[in-house]
Amino acid sequence: MTYAPEVRERLERDAKEIIGKYPKTRSALLPLLHLVQSEDGYVSDDGHEFCAEMLGISKAEVVGVSTFYTMYKRKPMGEYHVGVCINALCAVMGGDEIWDELSEHVGVGHDEATADGKISLERLECNAACDFAPVMMVNWEFFDNQTPQSAKQLVDDLRDGKSVSPTRGPSKLCSFKQASRVLSGLPDDLAGDGPSAAGASLEGLKVAKANGWKAPEA
Ligand code: FES
């Protein structure tokens with residue numbers, strides 16, 4: 001199977017815009033992998049070939065990169081890709097219980113999608129959001145301070161088509177494919193939308209300011 005002519009034409013147009021941002025063509029490989037993922041919901045064989053052709057490198061080089069990074073998927077993910085952080089801090093704060101209960105509730109495991117294509121799950125490594133542990137992400141937007149119950153409610157709401165807002169970032173979730181398109185470097189102009197990290201993230205800064213502490217001179 002290859003991309004239909006109109007899809008190929010659109011992808012080429014987008015790929016050229018992305019490649020134009022880099023001094024060396026091959027440097028655009030990571031964003032191009034997100035671009036093809038935005039088309040198929042994963043990095044398909046066609047996607048690998050497309051990247052190789054656009055960048056003038058071998059398909060083996062493309063596959064070598066795409067199979068290294070966990071954000072590039074080898075099979076279709078759900079419309080809502082739900083990650084549960086199971087790294088040390090989130091795990092001890094309840095991330096392991098969230099994963100166990102959520103996986104059983106949804107009926108799929110790591111990097112697997114439900115039969116209706118709505119939800120996929122991933123065991124995530126640290127999202128650098130430990131101050132809000134245990135943390136989950138849906139299509140890479142943060143859901144802070146979760147519990148097994150809130151996690152199950154979240155996926156039920158997503159499956160029921162209810163409006164769901166991340167703790168931080170845009171008030172409305174986009175799909176996994178749309179999120180992949182943004183990650184390719186084609187913005188949706190929502191980068192500054194919604195609340196950003198605050199509260200617990202700023203406690204250390206407040207203490208430093210109160211004590212007059214500064215970063216050491218370089
Ligand atoms: S351990 Fe979960 S965000 Fe850092």
>> I'd like to know which of GLY194, SER165, GLY204 lies farthest towards the positive end of the charge dipole of segment 163-207, counting +1 on Cβ of Lys and Arg and -1 on Cβ of Asp and Glu.
In response: SER165
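Of the listed pairs LYS21/LYS177; LYS24/LYS177; LYS59/LYS152; LYS21/LYS59; LYS75/LYS172; LYS16/LYS162, which have alpha-carbon separations greater than 30 Å here?
Over 30 Å apart, Cα to Cα: LYS59/LYS152; LYS16/LYS162.
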> How many angstrom lie between the C-alpha centres of segment 40-83 and segment 148-218?
Replying inline: 25
> If you average 1/r over every pair of different alpha-carbon atoms in the chain and take one over that average, what Kirkwood value in Å do you get?
Replying inline: 18.9
> Hey, could you pull the Cα Rg and Dmax for segment 153-218, both in Å?
Replying inline: 17.9, 54
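Cα gyration tensor of segment 1-41, axes a ≥ b ≥ c as square roots of the eigenvalues: rounded (a/c below 1.5), prolate (a/b > b/c) or oblate?
Values: a/c = 2.62, a/b = 1.69, b/c = 1.55.
Judged from the Cα gyration tensor, segment 1-41 comes out prolate (a/c at least 1.5, a/b above b/c).
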> How large is the charge dipole for segment 5-66, taken about the Cα centre, if only the Cβ atoms of Lys, Arg (+1) and Asp, Glu (-1) carry charge, to the nearest 20 debye?
Replying inline: 380
> Given PHE50, MET93, MET77, which one lies farthest toward the positive end of the charge dipole of the chain, if we put +1 on the Cβ of every Lys and Arg and -1 on the Cβ of every Asp and Glu?
Replying inline: PHE50
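Taking square-rooted eigenvalues a ≥ b ≥ c of the alpha carbon gyration tensor, is segment 80-175 rounded, prolate or oblate, where a/c under 1.5 means rounded and, failing that, a/b exceeding b/c means prolate?
Numbers: a/c = 1.69, a/b = 1.19, b/c = 1.42.
Since a/c reaches 1.5 but b/c is at least a/b, the shape of segment 80-175 is classed as oblate.
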> What Cys residues in the chain have no fellow cysteine's beta-carbon under 4.7 angstrom?
Replying inline: CYS51, CYS126, CYS130, CYS174
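Suppose every Lys and Arg Cβ carries +1 and every Asp and Glu Cβ carries -1, with no other charges. What dipole size does the chain come out with about its Cα centre, to the nearest 20 debye? Walk me through the numbers on the way to the answer.
Details: 23 positive and 34 negative charges, 141 e Å.
Dipole magnitude for the chain comes out near 680 debye.
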> So what is log10(I(q)/I(0)) for segment 5-66 at q = 0.14, 0.21 1/Å, when the Debye sum runs over its Cα atoms only?
Replying inline: -0.32, -0.74
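Indicate, rounded to the nearest 5 percent, the antiparallel portion of the DSSP beta bridges found entirely in the chain. Walk me through the numbers before you get to the answer.
On the way: 8 of 15 bridges.
In the chain, approximately 55 percent of DSSP beta bridges are antiparallel ones.
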> Sorted from fewest to most neighbouring beta carbons within 10 Å, what does the list THR167, THR25 look like?
Replying inline: THR25, THR167
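A short reminder: the numbers here are calculations on the coordinates, not readings from a lab. No experiment lies behind these values; they were computed from the predicted model shown. A quick note on method: Cβ atoms are made from the backbone with ideal geometry, for glycine too, and the neighbour counts reach across all protein chains shown.
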